[in-house]
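To start, the structure itself, in structure tokens.
The values are calculated or read from the model by the stated rules, or taken from the named source; none is laboratory data. This one's a predicted model, so the numbers in the text were calculated from it and none came from an experiment. Here the Cβ positions follow ideal geometry from the backbone for every residue, glycine too, while neighbour counts run over all protein chains shown. Note: areas computed on protein heavy atoms with side chains; ligands, DNA, RNA excluded. Shrake-Rupley method; radii C 1.70, N 1.55, O 1.52, S 1.80 Å.
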Amino acid sequence: MGKKDKKIILVAQCLINPYCRVHVLGQNFPLSHELVDYFMKLRVGIIQYPCPETTAMGLQRNPQGRQQYDNIFFRNHCKELLQTPFLMVEEFLKNGFRLVGYIGLRNSPTCGIHWGKHKVNRYNTESPIPIENPDPEAPLLMGIMAEILSEKFHALNMEVPFLELPIQQPPDSEPRAQFWLDLKRLVEPRNIKYMAPTGNEK
């Protein structure tokens with residue numbers, strides 16, 4: 001990597017600090033270790049924002065759907081949390097760094113990129129558990145924080161790739177392999193420009 005190719009990436013906090021995840025879902029420190037090692041090896045600076053769910057509801061919260069977080073109070077909370085991290089992004093860009101993308105968490109109601117059709121109980125309250133056979137016509141929404149990020153980048157006329165890490169899938173699964181391939185295409189475009197997906201990447 002040349003000295004002029006200075007990179008940063010914006011990452012959801014739970015991917016670096018697994019303790020921020022909902023306590024009943026467990027943590028995945030080996031995956032966080034793998035992700036951080038990859039960025040450090042390639043000298044990619046990591047910018048995190050505080051976990052909006054943890055800072056709003058604490059560590060002992062229960063899993064919720066996007067519906068429960070989609071309110072004016074939580075959205076305002078997310079915007080406040082992004083103030084300093086976003087200023088950091090702008091400062092790095094001003095000094096010649098390249099923002100390679102944003103990484104959220106798959107199936108997260110706040111930091112996920114594709115929130116699809118989920119279960120709803122008799123009270124019409126959404127569950128974070130996806131339905132097994134979703135309607136292909138059902139809309140795919142971003143998590144609340146990811147949506148706000150997208151709006152902020154759009155306001156600045158910035159096209160920033162969004163990825164989501166499928167943390168609950170096995171390391172040798174196709175979704176995990178595809179994530180790593182997509183990430184490497186962003187971070188190392190010269191090295192894998194002509195590389196076709198094989199499904200064997202980790």
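Ordered by packing density, taken as the mean number of other Cβ atoms within 10 Å over each peptide's residues, highest first, how do 157-169, 104-116, 12-24, 87-99 rank? Write out the running numbers ahead of the final one.
Numbers: 157-169: 16.6, 104-116: 23.4, 12-24: 18.8, 87-99: 14.0.
Ranking the peptides 157-169, 104-116, 12-24, 87-99 by packing returns 104-116, 12-24, 157-169, 87-99.
The angle between the Cα long axis of helix 144-155 and the main principal axis of the chain comes to about 50°, on a 0 to 90 degree scale.
In the chain, a dipole from Cβ-located charges (positive for Lys and Arg, negative for Asp and Glu) runs towards its positive end, and of Leu149, His33, Phe74 it is His33 whose Cα lies farthest in that direction.
With the other protein chains left in place, how much accessible area per residue, in square angstrom, belongs to the stretch 7-187 at a 1.4 angstrom probe?
Working: 9600 Å² over 181 residues.
Per residue, the stretch 7-187 has 53 Å² of solvent-accessible surface.
At a Cβ-Cβ separation cutoff of 4.7 angstrom, cysteine residues of the chain with no neighbouring cysteine are Cys78, Cys111. Close Lys pairs in the stretch 7-187, defined as Cα atoms under 26 Å apart and 8 or more places apart or on different chains, number 14. What's the carbon and sulfur percent of the stretch 74-202's accessible surface, probe 1.4 angstrom, rounded to a whole number? Percent of accessible area from carbon and sulfur atoms in the stretch 74-202: 52. Centre-to-centre, using Cα atoms only, the stretch 151-181 and the stretch 35-82 are separated by 15 Å. Note on the stretch 1-150: Cα Rg divided by 2.2 N^0.38 Å, N the number of residues, gives 1.13.
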